[in-house]
Structures are given as structure tokens and as C-alpha cells.
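Accompanying notes for the structure given below.
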Amino acid sequence: MNFSEKLKSFQGLVNQRLLSDLPESGRRPSRLHEAMNYSLQAGGKRIRPVLALAAHEIFPGDRDPFPVALALEIIHTYSLIHDDLPAMDNSDLRRGVPTCHRAFDEATAILAGDALIPLAFEQLVTAYPEDPGIALDLIHILSRAAGSERLVGGQMEDLLAEGKNPNGETLSFVHENKTAAMIEASLTMGFRLGTRGDDQSLIGLMQKAGRALGLAFQAVDDLLDVTSNAEELGKDAGNDDRNHKMTWVVMLGEPRARELAKEHTEEAISTIRQVGGENLFLLQLMEAMLDRAN
Ligand code: GRG
């Protein structure tokens with residue numbers, strides 16, 4: 001399989017498991033489960049689960065990596081549903097379809113996001129009954145990444161920075177936490193499941209690569225927001241300008257933001273090379289993320 005066939009295969013497997021392993025829309029209360037499944041199955045690139053699968057295959061073991069992949073995508077999807085709400089980015093379009101609160105209503109979207117959080121942790125609690133130590137480690141990594149000092153904290157400072165003068169220190173905090181925390185968790189959790197997953201120096205390298213990759217991902221996201229359109233992105237373009245967001249593009253201009261994306265990607269790649277193992281797909285994925293069109 002070449003790179004793009006393998007990427008499609010991983011994305012397809014994640015989509016299948018999202019359908020087969022999670023509560024069906026018909027479960028009571030059906031409106032809530034419909035809203036959860038609406039956002040989960042609307043599409044999306046499945047970058048975080050695929051990163052976890054790629055990190056797992058560096059030194060693969062016998063453990064099923066899909067519960068980790070699903071847990072990451074579920075937390076990510078909740079964060080998108082809440083980010084799109086009128087009180088936050090107030091977006092109409094996500095993953096090429098109306099946002100959850102537009103397709104349902106605001107209260108249902110809030111509850112759908114809320115219910116996705118425990119659902120993510122449930123995947124991890126039930127997946128590795130023979131190895132509770134692994135489940136505990138994974139829950140710890142994900143709860144830290146999604147918590148008040150990382151994903152939610154980054155979102156808080158992002159909102160507080162709206163309309164303020166550009167400030168590199170704030171911007172770094174926002175990107176390291178709002179975006180890079182979940183990408184770092186994807187690499188670390190996938191790697192943790194494999195045979196070298198308890199090697200702390202290798203885990204440290206996975207964290208370092210995840211941080212750099214997350215910063216690159218955000219720089220590309222900011223560039224696409226000004227250079228692309230809603231049809232291509234599947235979400236509103238020009239959102240950052242409309243919400244007076246502080247971004248690297250606003251602060252440093254497009255050419256420097258592009259250079260930053262490249263520099264961070266190079267750091268991520270050289271760090272993964274130090275880890276060794278079966279890292280070819282992950283390295284190719286990191287390059288493809290720099291050139292993505294949505
Ligand atoms: C509400 C706690 C809370 C957090 C929201 C996800 C998020 C944090 C904000 C969305 C806006 C944004 C620019 C976030 C940075 C991360 C990012 C680029 C998310 C979009 O991820 P993709 O491109 O989306 O992987 P798909 O739809 O492909 O999964």
C-alpha cells in the first residue's frame with residue numbers, strides 16, 4: 001500500500017469503528033444520540049486517530065489501538081461542537097454540513113458535546129481489562145490534554161485574546177494548548193500502547209514531536225483561513241478576521257507563518273527519526289499535513 005492508500009484505509013477503519021462501537025442514534029434519548037452521531041459522522045480528516053495509529057505502529061504490540069483512536073476523535077469532536085456555539089466562534093458550517101447547534105439547537109449541541117466527554121473515557125476504561133495500568137496511563141494522558149491547562153485552557157485564552165493587540169507569548173500559549181495538546185496526546189497515547197510504550201525517554205520524544213506538529217498544524221490552519229474558502233475547508237473561512245482572532249498570520253504575515261509551519265514540521269520529523277522503528281507512515285503523514293488543502 002502506498003501512503004495515500006494507507007491513509008484512506010486508516011480513515012475508513014476509524015469511521016467503521018465510530019459506527020460500530022458507539023451508541024446508536026435510536027438509543028433513548030434519541031435526539032441526543034442523533035446529535036452526537038451527526039457531528040461524529042459528519043466527516044473530518046480523522047487526523048488525531050490516524051496519528052495515534054501511526055504512532056502505535058512504530059513499535060506495535062498486541063493491544064487494539066482503535067479505542068485510543070476513537071477516544072481522541074470523540075474529544076476532538078466535542079471541542080468542535082462547543083467551539084462552534086454562538087458563545088464561542090458562532091459558526092454555521094463544520095465538516096461541510098451545518099454545525100450541530102444549527103442542525104439541532106443550542107441546548108442539544110451543548111449536551112451532545114457534554115455527553116461525548118465521558119464517552120471518550122469509557123472507550124479507554126473498557127478496552128484493556130487485562131491491563132488496567134495501561135488504561136490508567138491513557139486516561140491520565142487524555143485527561144491532562146483535554147483539561148483546564150491545555151485544550152480548555154487554550155480555548156479560554158484564545159477567547160480572552162480576541163480583539164487584543166497581537167502578543168507572541170499569548171499566541172504560543174493558545175496554540176500549544178488549544179491545538180498541540182491533542183496532537184501531542186495522539187502521538188503519545190498511540191505510542192504508549194506499543195511494546196516500547198513504557199520507555200520514558202521515547203515518550204518524551206513523542207511529546208516533543210507532537211508539540212512541534214501541533215504548532216505546524218495551527219499555522220497551516222491560520223493560513224488556510226485566509227487563503228481558502230468554505231467549500232474547500234468544509235467550515236467557514238475568514239473566521240479569524242471576523243472574530244478578531246490573534247494569529248501568526250495577523251502578527252507576522254503569510255510568508256513568515258508559512259516558514260514557521262515548515263520549521264515546526266521539520267522539528268517534528270527529525271524528532272520522530274530519533275525514535276526510529278517503523279516510522280515511515282508517520283513521517284509521510286507529517287509532510288502531508290503541511291501540504292493539506294483543508
Ligand atoms: C471548546 C474546549 C473547546 C475547545 C475548542 C477545536 C477548538 C478548541 C477550536 C476550533 C478552532 C481551532 C482553529 C482549533 C485548533 C485546532 C483545529 C485546527 C481544529 C480543527 O481540526 P481539524 O482540521 O478538523 O483536524 P476536522 O474536522 O478535520 O476533524
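Structure values in brief
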{"read-out": "Ordering of 284-292, 48-56 by packing [mean C-beta count within 10 Å, highest first]", "value": "48-56, 284-292"}
{"read-out": "Of Thr170, Met156, Ala146, farthest towards positive along the dipole that unit charges on Lys, Arg, Asp, Glu beta carbons give region 143-182", "value": "Ala146"}
{"read-out": "Euclidean distance of C-alpha centroids, region 61-139 and region 254-294, integer Å", "value": "25"}
{"read-out": "Accessible area of the chain divided out per residue, in Å², using a probe of 1.4 angstrom", "value": "44"}
{"read-out": "Amide proton proximity set for Arg94, modelled H, under 5 Å, gap of 5+", "value": "Thr99"}
{"read-out": "Rel. contact order, % - alpha carbon contacts under 8 angstrom, at least six apart, the chain", "value": "20"}
{"read-out": "The chain: Lys pairs at Cα distance under 17 angstrom, eight or more positions apart or on different chains", "value": "8"}
{"read-out": "Volume per residue of the C-alpha convex hull in the chain, rounded to whole Å³", "value": "120"}
{"read-out": "For the chain, calculated [θ]222 nm from helices alone, where every DSSP H run of n ≥ 4 adds -39500 (n - 2.57)", "value": "-22000 deg cm²/dmol"}
{"read-out": "Region 34-94: relative contact order as a whole-number percent, Cα under 8 Å and 6+ apart", "value": "31"}
{"read-out": "Region 1-67, accessible surface, carbon-and-sulfur percent (1.4 angstrom probe)", "value": "49"}
{"read-out": "Of all accessible heavy-atom area on region 95-197, the percent that carbon and sulfur account for (1.4 Å)", "value": "57"}
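The values are calculated or read from the model by the stated rules, or taken from the named source; none is laboratory data. As the structure is a prediction and not an experimental result, all values here were calculated from the model. A quick note on method: Cβ atoms are made from the backbone with ideal geometry, for glycine too, and the neighbour counts reach across all protein chains shown. Side chains are part of the model used for accessible areas, which takes the heavy atoms of the whole protein and leaves out ligands, DNA and RNA. Shrake-Rupley method; radii C 1.70, N 1.55, O 1.52, S 1.80 Å.
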